[in-house]
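Nothing in this text is a laboratory measurement; each read-out follows from the coordinates by a stated rule. Not measured: the values here are computed from a predicted model. Quick reminder, even Gly has a Cβ in these numbers, built from the backbone with ideal geometry, and neighbours come from all protein chains shown.
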Amino acid sequence: MQVDLGISSPNPIPLSLLDAAFRRAPRVAKPGTGSEAELSAADRRFISGFAAYDSLLADSARVYRDGHQPTTDRIAGIELLRSRPVPTKWVPGRARVARSGELGYTLGTFEGAEKGGYVRVWRHTADRGWVIVLDITTLIP
């Protein structure tokens, strides 16, 4: 599997290289850092619906949707997301956490009036746990 979300690139980066970058050294667990199990659980909250964005989108989150300007904060992100067709099914795929435990990413697919793939970049915070700092979807025709 490769990640190519419409950004011009002659050669998409294979996910195996991204995984390797996240796992170069043994993880040093620190208080307040997140695990892959916790990140996967946060991503699975979308299975129950759109409302997960209300609690999981960071205050400074960027949301990218085709045909729209990227948003740069939570309120604008929620507004953009509400203006789009709501997926009826989220299928989480992969979750990886950096060895620091402070950043991670998830990817998967969605279906509904539109279908496609998503990538989310997450940051672990002391007060809210995992929050989405970047949310990108790409449609499959």
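Some notes on this structure:
- Ala41 paired with His68, simple spin-label distance in nm, labels 7 Å along Cα-to-beta-carbon: 3.0 nm
- ³J(HN,Hα), Karplus 6.51/-1.76/1.60, whole Hz, each residue of the stretch 125-131, x for Gly, Pro: 10, 5, 8, 10, x, 6, 10
- Remark: C-alpha extents of the stretch 53-136 on the principal axes read 37, 27, 19 Å, sorted largest to smallest.
- Dipole magnitude of the stretch 69-141, debye to nearest 20 (Cβ charges: Lys/Arg +1, Asp/Glu -1, about Cα centre): 200 debye
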